[in-house]
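Here's the structure we're looking at; comments come further down.
The values are calculated or read from the model by the stated rules, or taken from the named source; none is laboratory data. The structure presented is a predicted model; accordingly, all values stated were derived computationally and were not measured. Every residue, glycine among them, receives a Cβ derived from its backbone with ideal geometry; neighbour counts consider all protein chains shown.
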Amino acid sequence: MKKAIFLDRDGTLIHEVGYLRMLEDLRFTTRAADALRKFQECGFLSIVITNQSAVARGLLSPKALNKIHHKLKAMAKDEEAVIDDILFCPHFPEGRVPPYNVECNCRKPKTGMLEKAVAKHRLDLQQCILIGDKPADLELGRNAGIRTVLVLTGYGLQTKQSWSDPVEVFPNLYEFSKTL
């Protein structure tokens, strides 16, 4: 059984820009590529778990989202780092684009994407860590019963102020990676 770091995308791994639609807006957060390399050195897979309601809202096509994710993996490779997988939820019940405007079991904080990753990569969930910047990320970690970390990038500071449960807090992915 393998272990993984589950990473939120926007605000955690890359800079938060609202609904990311332009490839030129795709930038890693501070030293995120260094963190990805550290995760790999420590035997963790790096798996991005991200809600992408822009698809259901009609702001981004699935093809455009795939281009963004392809570039994200290429950016990591250019930095000699690895993103092992990217799982996303395109659904949003109030969206306007069928078939994505539905209730699903994969939209964070529901555990569908984690369950898919566990099955696909043969993961021992109890050895996995989830890192994010929003309440839905922290709730997902709590719902899955795994170690969960809040980073203060993206919406992390706002989340820290409103989150009442105990949670590990780090300034960014790199600072967390130094603890492994």
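Some values worked out for this structure:
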| item | result |
| --- | --- |
| Candidates D165, D137, filtered to the one that is among the acidic types (D, E) and surrounded by 16 or more Cβ atoms within 10 Å (Cβ to Cβ) | D137 |
| Residues that are modelled with pLDDT of 95 or more, of a type outside the set (K, R), more than 15 Å from the chain's Cα centre (by Cα) and closer than 21 Å to K116 by Cα, drawn from segment 1-53 | Q40, G43 |
| Filter result for the condition that a residue is closer than 25 Å to P171 by Cα and buried (at least 21 other Cβ atoms within 10 Å of the Cβ), over L20, L45, L26, L87 | L20 |
| Hits in segment 32-66 (condition: in contact with a Leu (Cβ under 7 Å, 6 or more places away or on another chain) and either among the basic types (K, R) or not in a helix (DSSP H, G or I) (or both)) | K38, C42, S46, I47, V48, I49, Q52, A54, V55 |
| Those residues of segment 87-144 which are polar (S, T, N, Q) and under 24 Å from I68 (Cα atoms), in sequence order | N101, N105, T111 |
| Count - residues of segment 79-124 that are in contact (Cβ under 8 Å) with a residue 60 or more places away in the chain, more than 13 Å from L7 (Cα to Cα) and not basic (K, R) | 3 |
| Filter result (touching a helix residue (DSSP H, G or I) at 6+ places or on another chain (Cβ under 9 Å) and at pLDDT below 95) within segment 157-180 | D165 |
| Residue identified as under 14 Å from L13 (Cα atoms) and over 15 Å from the mean Cα position of the chain (by Cα) among A119, A76, A81 | A81 |
| Flag if P93 is under 28 Å from I146 (Cα atoms), of a type outside the set (V, I, T), out of contact with any strand residue (DSSP E or B) (no Cβ under 9 Å at 6 or more places or on another chain) and outside any helix (DSSP H, G or I) | yes |
